[in-house]
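Heads up, the thing below is written out as structure tokens.
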Amino acid sequence: MLESNNIKLAIISIFVIVGCSNNNPEVPSTFIEDTIEIIHGIEINDQYRWLEDFTSEKSKAWVDEQNKYTNQFIDSTRYKKLIANDLEKVWAGEVVGMPFKNNENTFYYYNDGSWQHSKLMIKRCDNCDPEVLIDPNNFSKDGTVSLGGISISPDGNLIAYSLSDGGSDWRTWKFLNINSEELLIDELYWSKFSNAVWEPDSSGVYYQKYNEPKKELLSDLNELPKLMFHKIGDSQNDDTVIYENPNQPRWGWSISISEDGNNKILAISDGTEEKNRIYIKTKNSNDFLPIIDDLIGEFSYITSKESLLFFYSTYDAPNGKIMSLDVEQNSFIWDDIISEKIMPIRSANIVNNKIIITYLNDTLSDIQIYDLDGQLEKGS
């Protein structure tokens with residue numbers, strides 16, 4: 001709610017500045033460069049592709065001109081200081097993130113209103129005082145290095161966390177011992193669009209890795225990713241390739257592992273469409289098997305129970321439904337567990353072996369609780 005109000009206030013402030021500005025400086029021109037690419041048989045002219053390489057001298061000069069223009073425009077209004085003071089008062093508020101537990105530890109993000117980045121806090125017991133576990137404000141002097149994703153090992157001893165430099169999509173993964181707060185020597189480079197997913201025995205993590213760019217970081221296309229496994233204590237050079245597909249250079253993937261560790265589920269994306277393929281490697285298969293090999297809907301793994309894997313899906317259900325997949329002896333039988341409703345699903349989570357679904361009922365959230373057989377236990 002606070003973030004939403006901040007955004008609204010910022011937008012209103014921009015309109016006020018625009019309306020109150022007396023002078024309109026000349027808009028700087030933008031260079032056009034033809035970059036032809038054939039995509040699915042269609043010729044696309046991306047005339048501003050050169051701006052994607054923000055480290056080039058041309059892009060830097062363009063940014064400088066845009067900043068000069070923007071600052072000249074904003075500085076020309078007498079309301080700038082008043083609006084800035086109001087925004088600073090709003091943004092100076094204390095922010096406490098939603099807590100989450102792992103074993104005995106409780107984690108949450110906290111910002112007292114004066115820090116550039118929120119700190120990751122830990123409470124080691126219900127009655128313990130909170131401690132700072134990770135402070136992103138110490139990552140760099142100018143604050144340009146931020147905390148990306150985090151992933152806590154199942155045994156609760158280690159946390160993997162990623163760094164983002166200057167807002168880049170590239171991630172560098174580091175590992176911290178939660179108990180001793182000792183930083184491990186393990187570091188994973190050239191990861192992008194990926195979380196770190198732990199092996200159930202906490203021996204290592206799965207992550208998506210690209211080849212190291214040969215040119216400027218942003219000039220190379222995101223192609224030919226590899227799904228890697230990193231064993232804690234090993235060098236990244238010794239990481240194992242779990243899956244790759246040279247014939248599909250634009251594919252990307254995320255991996256999930258069933259609670260018993262017997263099944264690895266690959267959700268394979270192709271572009272930005274909210275549809276994906278599903279490949280599964282079971283205890284009875286040596287390779288990943290294509291279960292859903294066409295883009296017929298979204299399939300997001302939720303949890304497992306014995307031989308059943310549960311998914312949120314939009315297949316033949318634009319508002320979403322819950323499906324199960326029986327992988328016993330590689331039978332791969334699908335079944336609808338919770339059918340589509342008039343209300344769209346906003347989220348589906350597992351808490352204590354219950355499926356907690358948040359529906360959107362007009363503009364309100366409607367929470368319903370089901371067992372793993374799809375029987376409604378609480379809600380309308």
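The values are calculated or read from the model by the stated rules, or taken from the named source; none is laboratory data. Quick caveat, the model's predicted, so the values are computed rather than measured. Positions of Cβ are backbone-derived with ideal geometry, glycine not excepted, and every protein chain shown enters the neighbour counts.
Assorted remarks:
- Screening the candidates GLY148, GLY143 for the property of being within 19 Å of TYR110 (Cα to Cα) and either part of a loop (DSSP other than H, G, I, E, B) or touching a residue at least 40 places away in the same chain (Cβ under 8 Å) (or both) yields one hit, GLY143.
- Selected residue (criterion: surrounded by the most Cβ atoms within 10 Å (Cβ to Cβ)) from residues of segment 178-216 that are free of Cβ contacts under 8 Å to residues at least 24 places away in the same chain and within 23 Å of the chain's Cα centre (by Cα): TYR210
- Residues in segment 177-212 that are out of contact with any strand residue (DSSP E or B) (no Cβ under 8 Å at 6 or more places or on another chain) and assigned to a loop (DSSP other than H, G, I, E, B) were compared, and the one that is nearest to SER258 (Cα to Cα) is ASP201.
- Criterion applied to TYR279, TYR301 was being surrounded by 12 or more Cβ atoms within 10 Å (Cβ to Cβ), within 19 Å of ILE255 (Cβ to Cβ) and in contact with a Pro (Cβ under 6 Å, 6 or more places away or on another chain), and the one residue passing it is TYR279.
- Hits in segment 107-121 - residues which are part of a loop (DSSP other than H, G, I, E, B) and of a type in the set (S, T, N, Q): SER114, GLN116, SER118
- Number of the exception - GLU94 against (1) closer than 21 Å to ILE178 by Cβ; (2) loosely packed, with under 11 Cβ neighbours inside 10 Å; (3) not β-branched (Val, Ile, Thr): (1)
- Qualifying residues in segment 319-363 (those that are surrounded by 13 or more Cβ atoms within 10 Å (Cβ to Cβ) and of a type in the set (Ser, Thr, Tyr)) - the one nearest to the chain's Cα centre (by Cα): SER347
- Tally, over segment 235-260, of residues that are closer than 25 Å to LEU184 by Cα and loosely packed, with under 14 Cβ neighbours inside 10 Å: 5
- Counting only residues that are of a type in the set (Val, Ile, Thr) and touching a residue at least 40 places away in the same chain (Cβ under 8 Å), segment 338-355 holds 2 of them.
- If you go through segment 148-176 and pick out every residue that is touching a strand residue (DSSP E or B) at 6+ places or on another chain (Cβ under 6 Å) and either of a type in the set (Asp, Glu) or under 25 Å from ASP112 (Cα atoms) (or both), you end up with 14.
- Test: SER151 is among the polar types (S, T, N, Q) and farther than 17 Å from SER203 by Cβ: no
- Here segment 122-139 is the region considered, the condition is being out of contact with any strand residue (DSSP E or B) (no Cβ under 8 Å at 6 or more places or on another chain) and either part of a loop (DSSP other than H, G, I, E, B) or among the small types (Gly, Ala, Ser) (or both), and the residue that is farthest from LEU184 (Cα to Cα) is ASN127.
- Failed criterion for GLU26 (all others in (1) modelled with pLDDT under 90; (2) under 32 Å from the mean Cα position of the chain (by Cα); (3) surrounded by fewer than 11 Cβ atoms within 10 Å (Cβ to Cβ) hold): (2)
- Test set (1) under 20 Å from PHE229 (Cα atoms); (2) surrounded by 18 or more Cβ atoms within 10 Å (Cβ to Cβ) - ILE292 fails condition number: (1)
- Selection status of TYR301, of a type in the set (Ser, Thr, Tyr) and either in a loop (DSSP other than H, G, I, E, B) or in contact (Cβ under 8 Å) with a residue 60 or more places away in the chain (or both): no
- Considering residues of segment 36-66 that are closer than 25 Å to GLY167 by Cα and of a type in the set (S, T, N, Q) only, the residue surrounded by the most Cβ atoms within 10 Å (Cβ to Cβ): SER59
- Matching residues, segment 107-152, being surrounded by fewer than 19 Cβ atoms within 10 Å (Cβ to Cβ) and charged (D, E, K, R): ASP112, LYS123, ARG124, ASP126, ASP129, GLU131, ASP135, LYS141, ASP142
- For the condition acidic (Asp, Glu) and either on the phi > 0 side of the Ramachandran plot or at pLDDT below 90 (or both), GLU65 does not qualify.
- Residue pairs whose Cβ atoms lie under 6 Å apart, separated by 6 or more positions or on different chains, with the first residue in segment 44-66 and in a strand (DSSP E or B) and the second modelled with pLDDT of 90 or more, are ASN45/ASP34; ASN45/ILE36.
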